[in-house]
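The values are calculated or read from the model by the stated rules, or taken from the named source; none is laboratory data. Because the structure is a prediction, the values reported are computed rather than measured. Cβ: placed from backbone, ideal geometry, glycine included. Neighbour counts: every protein chain shown.
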Amino acid sequence: MKFRMFPGLPLAAMASFALCTAVTAAAADPAAPAAPTAAATPAPRAHATHGATLDRVVAVINDGVVLESELNEQVAEITLRLRSQNVALPEASVLREQVLERLVLEEVQEQHAERAGIVVSDEQVNAALQDIAVRNKVSFDQLPEKLAGEGLVYADYRKNLRREIQRQMLRTRDVVQRINISPRELDQYIERQKNTATANNEYNLAHILIAVAQDASPTQLAAAKKKAEDVADRAAKGEPFNQLAVTYSDSQTALEGGALGWLKGPSLPTFLADVVPRMKPGQVSEILQTGSGFHLVRLNEVRSATTTQIIKQTHLRHILLKTSEVEDDATVQQKLTTMRAQFLAGTAEFAVLAKASSADPGSAIEGGDLGWTSLESFVPEFTHHADALKDNEISEPFKTQFGWHIVQMLGRRDFDNTATAEREQAYAQLRESRVDEATEIWLQQLRDEAYVELRL
């Protein structure tokens with residue numbers, strides 16, 4: 001249900017959880033952020049066509065297949081992970097069915113993405129791998145060796161991650177981007193949250209979904225409800241909730257023991273917003289029915305969330321020059337060196353030359369002024385050189401992906417960003433509260449519309 005990055009996981013587990021959206025910088029804007037985002041989804045798998053020649057087909061999905069070798073590989077990986085988390089395993093046949101269903105859903109999404117023309121660039125994959133390397137405290141160049149030490153082939157890892165990003169892009173297009181929130185809705189939401197206890201709390205949750213198709217017959221609906229009641233009864237008698245999730249849940253978090261992780265009160269899915277705050281840690285909810293089926297949720301922990309956000313900002317201005325067929329790196333660098341010398345000697349004004357010469361149209365009109373902003377919003381090379389400056393100091397010329405720069409530090413401050421951050425967070429939380437249910441319904445629709453033949 002929730003797509004989220006889990007920092008600190010070993011690299012093998014990161015293959016299951018790490019995601020990244022496209023990283024795009026404005027053509028001539030050094031302030032353009034490198035903004036990868038990551039998220040947690042089922043483990044990426046090799047495509048069916050890469051199986052062994054004599055592999056047995058265990059599922060046919062439209063014009064694609066899932067091979068037994070893929071299924072066995074995923075079962076082994078998930079079994080190892082569940083054991084490491086001390087989650088009791090269901091019967092082998094049940095686990096295989098759950099894993100196969102996940103592989104079927106992945107294949108359905110990949111086919112849908114390919115038909116939609118969704119293509120993942122090498123830059124997007126590299127950004128995701130860079131994020132994984134940082135989280136595992138290794139350099140990008142060391143990543144293949146680190147993966148090999150964990151029994152993973154870098155080329156396969158990269159292909160799997162590319163497919164995982166593709167599926168996330170599809171979900172973003174078909175689910176997230178279709179959830180619209182008006183300014184009035186946002187204002188009303190913020191006002192409602194001001195005086196509620198849930199606004200200042202975070203909840204660690206686990207979840208079980210017994211799915212119901214959109215066109216389910218009364219008989220199918222009754223059967224699903226009976227199954228949910230049986231699972232609820234077993235949970236009430238003390239059976240581990242995570243084991244029940246692995247065995248019975250139809251949610252995308254089933255093979256993680258139903259774990260949703262920590263959710264802020266305002267981020268709770270709509271159907272849980274009034275239920276979870278009234279629960280006590282360790283308690284399992286009553287059966288809840290929504291458009292996607294029947295739900296059970298377990299509250300693991302509650303904690304208070306801090307709201308004040310003080311961020312460090314810098315006030316910078318810069319001049320950007322680019323190379324051309326006429327002016328190479330050495331020429332451009334020398335021009336900036338000359339300008340810097342003029343500024344230091346007092347024979348030229350920074351703002352005047354920035355307006356006349358800078359190739360950054362966004363800041364040139366302001367005399368090179370980039371305003372007050374966080375250093376993290378710039379590309380790494382720019383951040384490195386700017387952060388080393390003292391007040392009013394001007395850097396030596398340096399190069400980034402945008403060209404050659406000189407930058408001046410005008411000042412630093414601690415800024416209370418709470419109001420802006422709260423509004424941004426409120427928007428994300430309101431949208432997030434609607435995404436979960438919409439995602440489950442969307443996946444069920446994709447599954448229902450596909451031709452699927454299981455051959456276990």
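Screening region 395-419 for residues that are among the β-branched types (Val, Ile, Thr) and more than 16 Å from PHE350 (Cβ to Cβ) and picking the one that is modelled with the highest pLDDT gives THR400.
Can you confirm whether ASP360 is surrounded by fewer than 17 Cβ atoms within 10 Å (Cβ to Cβ) and in contact with a strand residue (DSSP E or B) (Cβ under 8 Å, 6 or more places away or on another chain)? Spelling it out, it is not the case that ASP360 is surrounded by fewer than 17 Cβ atoms within 10 Å (Cβ to Cβ) and in contact with a strand residue (DSSP E or B) (Cβ under 8 Å, 6 or more places away or on another chain).
The single residue among VAL297, VAL302, VAL332 that is modelled with pLDDT of 95 or more, more than 30 Å from GLY403 (Cα to Cα) and not in a loop (DSSP other than H, G, I, E, B) turns out to be VAL297. Entry remark, region 230-264: residues being charged (D, E, K, R) and surrounded by 15 or more Cβ atoms within 10 Å (Cβ to Cβ) number 4 in total.
Go through the residues of region 385-394 one by one and say whether even a single one is part of a strand (DSSP E or B), among the β-branched types (Val, Ile, Thr), modelled with pLDDT of 95 or more and assigned by TED's automatic domain parsing to the domain that holds THR331. Yes, the conditions are met somewhere in region 385-394. The residues on offer are VAL94, VAL120, and the sole one that is closer than 25 Å to THR253 by Cβ, touching a residue at least 24 places away in the same chain (Cβ under 8 Å) and either surrounded by 20 or more Cβ atoms within 10 Å (Cβ to Cβ) or basic (Lys, Arg) (or both) is VAL120. Please state which of the following conditions ALA330 fails to meet, knowing it meets all the rest: (1) touching an Asp or Glu at 6+ places or on another chain (Cβ under 6 Å); (2) free of Cβ contacts under 8 Å to residues at least 40 places away in the same chain. Among (1) touching an Asp or Glu at 6+ places or on another chain (Cβ under 6 Å); (2) free of Cβ contacts under 8 Å to residues at least 40 places away in the same chain, ALA330 violates only (1). Of the residues LEU186, LEU161, the single one that is within 18 Å of the chain's Cα centre (by Cα), outside any loop (DSSP other than H, G, I, E, B), not β-branched (Val, Ile, Thr) and not assigned by TED's automatic domain parsing to the domain that holds ARG431 is LEU161.
The single condition among (1) assigned to a strand (DSSP E or B); (2) modelled with pLDDT of 95 or more that ILE311 does not satisfy is (2). Exactly one residue out of LEU321, LEU375 is in contact (Cβ under 8 Å) with a residue 12 or more places away in the chain, in contact with a strand residue (DSSP E or B) (Cβ under 6 Å, 6 or more places away or on another chain), more than 30 Å from ASN200 (Cα to Cα) and not acidic (Asp, Glu), and it is LEU321.
Of the residues making up region 395-417, those that are under 24 Å from SER324 (Cα atoms) and outside any loop (DSSP other than H, G, I, E, B) are PHE398, LYS399, THR400, GLY403, TRP404, HIS405, ILE406, VAL407.
If only residues of region 265-319 that are among the aliphatic types (A, V, I, L, M), surrounded by 23 or more Cβ atoms within 10 Å (Cβ to Cβ) and in the same structural domain as ARG447 (by TED's automatic domain parsing) are counted, the one that is nearest to ALA232 (Cα to Cα) is LEU296. In region 204-229, the residue that is surrounded by the most Cβ atoms within 10 Å (Cβ to Cβ) out of those that are in a helix (DSSP H, G or I) and in contact with a strand residue (DSSP E or B) (Cβ under 7 Å, 6 or more places away or on another chain) is ALA228. Cβ separations smaller than 8 Å between residues 6+ apart or across chains give the following pairs from region 438-455 residues that are small (Gly, Ala, Ser) to residues that are modelled with pLDDT of 95 or more and surrounded by fewer than 16 Cβ atoms within 10 Å (Cβ to Cβ): ALA450/ASN62. Only one of the numbered conditions (1) surrounded by 12 or more Cβ atoms within 10 Å (Cβ to Cβ); (2) small (Gly, Ala, Ser); (3) more than 30 Å from ASP416 (Cα to Cα) is violated by SER377, and that is (3). Exactly one residue out of GLU191, GLU164 is surrounded by 15 or more Cβ atoms within 10 Å (Cβ to Cβ) and among the acidic types (Asp, Glu): that is GLU164.
When GLU145, GLU110 are checked against the criterion of being farther than 24 Å from THR172 by Cα and in a helix (DSSP H, G or I), a single residue qualifies: GLU145.
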